[in-house]
Amino acid sequence: MIDLDRARRDTPATATLLHFNNAGASLMPQPVLAAQIAHLQREATIGAYEAAEAARDAIDHTYASIARLLNCRFDEIALVENATVGWSMAFYGLKLGPGDRILTARAEYASNFIAFLQVAARTGAVVEAVPNDESGQLSIEALTSMIDDRVKLIAITHVPTNSGLVNPAEAVGRVARAHNIPFLLDACQSAGQLALDVEALGCDMLSATGRKYLRGPRGTGFLYVRRAILDRLEPPFLDLHAARWVAADRYEMRPDARRFENWENNVAGLIGLGTAVAYALDWGLPAIEARVTALAATLRDRLGRIAGISVTDIGERRCGIVSFTVATKTAEEMARLLRARRINVSVSGPGSTLLDATARRLPDLVRASVHYYNSEEEVERFATAVAELA
């Protein structure tokens with residue numbers, strides 16, 4: 001059960017702002033903000049290198065908290081600048097060649113698909129999107145039928161950037177494990193709003209960001225790499241943190257996931273990330289997921305009753321993201337008008353999920369994304385504002 005009063009006290013901006021842009025960047029709770037400020041003050045007082053040394057336990061706490069979040073080992077976590085860096089360090093670390101097949105989802109995020117196409121052009125690998133089932137999620141039946149010995153990677157986005165969909169990652173993981181195919185899961189928008197257990201998910205690699213549903217700072221993220229697959233990956237670049245220079249003509253990579261990190265980082269941000277993950281764990285991911293899912297369902301229902309509003313969400317299982325169009329206004333116009341009322345949303349364009357958007361003929365969408373600190377009264381206020389502006 002979420003204590004809404006406590007959640008909103010820890011998030012003072014909720015007194016004056018209706019923030020439905022949590023899939024973009026959530027409002028940080030006070031403990032996360034305080035942890036970062038304290039470290040920055042220490043840097044200014046004793047020096048940045050010295051402050052980093054003094055913060056060693058706090059950084060270890062960040063690794064440990066993420067390991068708890070994912071149900072994995074401490075040494076299977078790399079701390080990186082953002083989800084894209086984490087995802088890219090894993091993907092570009094794979095060795096692909098001519099005719100190798102990459103299977104992905106139709107709602108895959110643009111950045112990931114661009115990387116697939118780049119590597120395909122370089123190596124002769126092939127990118128194929130798995131068809132959806134009747135609900136709009138990735139079809140496990142279709143995925144299974146596409147498996148052969150040329151499939152070298154299954155890579156999907158768990159929660160796409162719009163559409164409210166939660167892809168069936170656990171079922172994908174079972175297929176991948178049955179055929180010993182590496183499975184890369186983009187959990188950028190699921191981390192912090194859904195419970196994530198890498199053993200249940202069956203993924204070999206998982207990337208996520210701090211700024212979205214985890215309520216951490218921007219410029220932070222992490223990568224999980226299963227120890228059993230570690231030596232099958234070659235990081236696309238190395239430095240003196242990721243590897244040791246042991247002879248004039250030889251180096252040795254670190255034996256753990258930190259081979260995917262680099263030496264320089266935002267220590268205050270990483271401390272903030274660890275604080276945010278611990279804060280989420282304190283609430284409990286099942287409780288967060290239940291509240292977020294219920295608020296989003298209420299919002300979809302309320303918007304669906306307004307003339308001229310079309311909710312475009314799909315999937316058997318849905319999350320905290322609610323996407324819609326307004327018959328009389330563009331998504332940009334609607335977002336601007338809402339912001340004038342101190343209501344935050346974002347706009348999701350067709351180019352972000354090109355295959356899905358083309359198939360469904362989607363224009364720019366208004367994306368409203370709720371979190372557990374949002375209230376039922378805010379859902380009603382939001383729907384009323386949309387109705388007045390539509």
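For region 197-226, give me each residue that is assigned to a loop (DSSP other than H, G, I, E, B) and either farther than 28 Å from residue 100 by Cβ or in contact with a Cys (Cβ under 6 Å, 6 or more places away or on another chain) (or both). Answer for region 197-226, where residues must be assigned to a loop (DSSP other than H, G, I, E, B) and either farther than 28 Å from residue 100 by Cβ or in contact with a Cys (Cβ under 6 Å, 6 or more places away or on another chain) (or both): 197, 210, 211, 212, 213, 214, 215, 216, 217, 218, 219, 220. Quick check on region 100-116. Is at least one of its residues in the same structural domain as residue 212 (by TED's automatic domain parsing), out of contact with any helix residue (DSSP H, G or I) (no Cβ under 9 Å at 6 or more places or on another chain), part of a helix (DSSP H, G or I) and more than 20 Å from residue 186 (Cα to Cα)? Within region 100-116 (the criterion being in the same structural domain as residue 212 (by TED's automatic domain parsing), out of contact with any helix residue (DSSP H, G or I) (no Cβ under 9 Å at 6 or more places or on another chain), part of a helix (DSSP H, G or I) and more than 20 Å from residue 186 (Cα to Cα)), the answer is no, since none of the residues qualifies. Note on region 75-93: among residues that are of a type in the set (Phe, Trp, Tyr) and more than 18 Å from residue 265 (Cα to Cα), the one that is surrounded by the fewest Cβ atoms within 10 Å (Cβ to Cβ) is 92. Counting the residues of region 114-141 that are farther than 19 Å from residue 361 by Cα and either at pLDDT below 95 or surrounded by 15 or more Cβ atoms within 10 Å (Cβ to Cβ) (or both) gives 10. I'd like the residue in region 279-309 that is in contact with a Leu (Cβ under 9 Å, 6 or more places away or on another chain) and of a type outside the set (Val, Ile, Thr) and, out of all such residues, is nearest to residue 54 (Cα to Cα). Step by step, filter region 279-309, then rank; the result is 279.
If you scan region 142-163, which residues turn out to be modelled with pLDDT of 95 or more and crowded, with 23+ Cβ neighbours inside 10 Å?
153, 154, 155, 156, 157, 158, 159, 160
In region 325-356, the residue that is farthest from residue 390 (Cα to Cα) out of those that are under 20 Å from the mean Cα position of the chain (by Cα) and in a helix (DSSP H, G or I) is 355. Only one entry in 78, 90, 23 is of a type outside the set (Ser, Thr, Tyr), part of a strand (DSSP E or B) and within 30 Å of residue 236 (Cβ to Cβ), namely 78.
Quick grid of which residues meet (1) in contact with a strand residue (DSSP E or B) (Cβ under 6 Å, 6 or more places away or on another chain); (2) hydrophobic (A, V, I, L, M, F, W, C):
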position	(1), (2)
1	no, yes
8	no, no
12	no, no
21	yes, no
33	no, yes
38	no, yes
44	no, yes
48	no, yes
53	no, no
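The values are calculated or read from the model by the stated rules, or taken from the named source; none is laboratory data. Because the structure is predicted, anything quoted here is derived from the model rather than measured. Glycine gets a Cβ as well: all are built from the backbone with ideal geometry, and neighbour counts include every protein chain shown.
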